[in-house]
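Accompanying notes for the structure given below.
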Amino acid sequence: MTTGAKYEVLGLPGMPEVRRGDDVAALIGDALDSSGIGAEAGDILVVTSKIISKAEGRIVVAADREAAIDAETVRLVARRGPTRIVQTRHGFVMAAAGVDASNTEPGTVLLLPEDPDASARSIAASLATRYGVPIGVIVSDTFGRPWREGQTDVAVGVAHLDALVDMRGSRDSFGNELQVTAAAVADELAAAAEMVKGKADGVPVAVVRGLGHLVTPGAGAGVGPLIRDAENDMFALGTSEAMREAVFRRRTVRSFTSEPVDGAAVRRAVAAAVTAPAPHHTTPWRFVLLESEAVRKALLDAMAEAWEADLVGDRFSPESITKRLRRGEVLRRAPYLVVPCLVADGAHAYPDARRAGAEREMFVVSTGAAVQNLLVALATEGLGSAWVSSTMFCRDVVRQVLDLPEEWDPMGVVAVGKAAEAPASRPPRDPDAFIAVR
Ligand SMILES: Cc1cc2nc3c(=O)[nH]c(=O)nc-3n(C[C@H](O)[C@H](O)[C@H](O)COP(=O)(O)O)c2cc1C
């Protein structure tokens with residue numbers, strides 16, 4: 001009879017309650033001996049992180065839980081009510097930085113081990129010495145998954161085992177080349193071990209036997225290959241955090257790369273723009289996309305001429321005029337321009353200046369909201385922007401060059417493109433400085 005590949009996972013009985021200062025490897029070795037399981041070449045031990053944390057004394061009183069989470073956190077990913085999903089200093093994205101009240105004395109919480117890879121290496125080294133055979137070690141912890149209900153155990157520390165086995169480039173049984181497959185072997189074994197460990201049963205260690213080909217002579221890269229960096233994470237933030245972040249990411253960009261702008265991305269941003277609030281259920285915004293370089297140049301040349309005429313009229317010196325005109329260069333360097341326009345169709349007519357002025361302002365602020373939507377949406381597309389005012393100062397010229405209807409009022413111009421450099425950091429602004437409460 002032929003059988004397929006198989007391996008065994010054995011819960012290790014006989015582990016005592018671990019206390020601060022205990023030698024976990026020695027306790028595991030004693031349990032391996034007393035249980036008769038022993039150690040065979042190529043065994044992989046899966047050790048619950050909790051017992052390592054206990055041995056390391058990584059216990060704090062529950063009152064210090066939030067401070068402990070702060071200390072373990074490098075990045076807030078999402079907040080849901082009192083729960084914080086964070087990236088820990090080890091790189092793991094997990095609820096409450098893994099600070100956990102289960103399987104510890106009431107009134108205390110346990111932190112993740114200081115360095116789970118180092119713990120795995122040290123246990124592996126001790127047991128390899130004790131038994132004279134190569135041993136792999138996985139330190140495991142319980143994680144939730146973003147797209148699935150329920151928790152599973154995953155690896156948080158790994159030694160003498162490739163945590164991630166990259167199968168890209170190999171072929172399946174149909175001859176198709178595998179493009180993306182990388183097996184999260186250490187996670188799979190951590191989950192398998194959970195089936196025989198079990199939090200409630202006081203079995204914190206399992207032995208995986210029969211997969212000796214996975215055990216490597218060197219300690220290896222640890223758990224690192226399983227950690228996805230925030231830069232490569234399509235979902236590096238929770239939904240509401242990402243929405244808020246988009247607003248903060250919008251910054252005025254004044255120097256662009258020459259990379260062309262995707263008109264489809266701009267159209268998606270316009271779709272966001274035209275969801276702005278507006279008076280009287282109107283839709284008073286239009287966006288002129290200047291996709292032709294010739295049209296952009298014609299507009300900027302005509303605007304520069306009009307501006308120069310204004311400055312001559314103001315009696316500025318020729319040098320001062322040249323200097324000022326140079327400030328308009330940001331638009332010339334941009335690979336794409338958008339002219340937002342206000343069309344105050346549907347505005348109510350008032351006989352007096354006070355009400356007529358307020359009515360006009362309603363439409364103007366609505367245009368501001370639409371342009372802000374546009375800029376934020378462009379930022380989410382990875383596009384920088386600068387909203388500059390110039391077209392507002394020469395509306396007739398703009399209408400004439402762009403052949404726009406008389407009732408379209410240009411409301412500045414938005415330069416769009418990939419930012420040539422990261423914007424200077426902006427110190428956070430305290431909302432209270434901008435708030436009056438009555
Ligand atoms: C209506 C309006 C007109 C603007 N005009 C110009 C301009 O002519 N030139 C310019 O460089 N920036 C202009 N800006 C951009 C501001 O200078 C910019 O928003 C400000 O420096 C804050 O930087 P941030 O957008 O990165 O937060 C304008 C912004 C608005 C809202």
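Only residues that are open to solvent by less than 40 Å² (accessible area, probe 1.4 Å), of a type in the set (V, I, T) and more than 21 Å from F143 (Cβ to Cβ) were counted in segment 169-214, giving 1. One residue alone among E361, E319, E305 is surrounded by 12 or more Cβ atoms within 10 Å (Cβ to Cβ) and of a type in the set (D, E), and that residue is E305.
Rundown of residues vs (1) assigned to a loop (DSSP other than H, G, I, E, B); (2) modelled with pLDDT of 90 or more; (3) acidic (D, E); (4) within 21 Å of the chain's Cα centre (by Cα), yes/no style:
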{"residue": "G222", "(1), (2), (3), (4)": "yes, yes, no, no"}
{"residue": "A242", "(1), (2), (3), (4)": "no, yes, no, yes"}
{"residue": "V266", "(1), (2), (3), (4)": "no, yes, no, no"}
{"residue": "A276", "(1), (2), (3), (4)": "yes, yes, no, no"}
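Scanning segment 370-380 for residues that are small (G, A, S), farther than 9 Å from W285 by Cβ and within 14 Å of the ligand (Cβ to nearest atom) yields a single hit, A379.
What tally of residues in segment 234-288 results from selecting those that are of a type in the set (K, R) and under 30 Å from H348 (Cβ atoms)? Number satisfying all stated conditions: 1.
In this structure, does A356 turn out to be assigned to a helix (DSSP H, G or I), open to solvent by less than 50 Å² (accessible area, probe 1.4 Å) and within 16 Å of L383 (Cβ to Cβ)?
no
Beta carbons closer than 6 Å, at least 6 apart along the sequence or on distinct chains, pair a first residue in segment 395-411 that is more than 17 Å from P284 (Cβ to Cβ) with a second that is more than 16 Å from the ligand (Cβ to nearest atom) and modelled with pLDDT of 95 or more for V397/A302; V401/A298; V401/A302; L402/V288.
If you take the residues in segment 381-398 that are of a type in the set (A, V, I, L, M, F, W, C), out of contact with any Ser or Thr (no Cβ under 6 Å at 6 or more places or on another chain) and part of a helix (DSSP H, G or I), which one is farthest from the ligand (Cβ to nearest atom)?
Among residues in segment 381-398 that are of a type in the set (A, V, I, L, M, F, W, C), out of contact with any Ser or Thr (no Cβ under 6 Å at 6 or more places or on another chain) and part of a helix (DSSP H, G or I), the one farthest from the ligand (Cβ to nearest atom) is V397.
Look at segment 120-141: where a residue is on the phi < 0 side of the Ramachandran plot and a partner is open to solvent by less than 30 Å² (accessible area, probe 1.4 Å) and among the acidic types (D, E), sitting 6+ places away or on another chain with Cβ atoms under 6 Å, you get I135/D43; S140/D153. For segment 244-295, filtered to residues that are within 16 Å of the ligand (Cβ to nearest atom) and touching a Ser or Thr at 6+ places or on another chain (Cβ under 7 Å), the residue that is farthest from N373 (Cα to Cα) is V253.
Evaluate the following for A334: is it assigned to a loop (DSSP other than H, G, I, E, B) and open to solvent by less than 30 Å² (accessible area, probe 1.4 Å)? Here the answer is yes, as A334 does meet what is asked.
On inspection, D409 does not qualify as more than 15 Å from the ligand (Cβ to nearest atom), out of contact with any His (no Cβ under 6 Å at 6 or more places or on another chain) and farther than 21 Å from R327 by Cβ.
Just checking, does segment 325-339 include any residue being modelled with pLDDT of 95 or more, away from the ligand (no atom under 12 Å from the Cβ) and hydroxyl-bearing (S, T, Y)? Checking segment 325-339: at least one residue is modelled with pLDDT of 95 or more, away from the ligand (no atom under 12 Å from the Cβ) and hydroxyl-bearing (S, T, Y).
The values are calculated or read from the model by the stated rules, or taken from the named source; none is laboratory data. Every value quoted in this text rests on a predicted model; they were computed, and no experiment measured them. Counting neighbours? That spans all protein chains shown, and the Cβs are built from the backbone with ideal geometry, glycine included. Note: areas computed on protein heavy atoms with side chains; ligands, DNA, RNA excluded. Shrake-Rupley method; radii C 1.70, N 1.55, O 1.52, S 1.80 Å.
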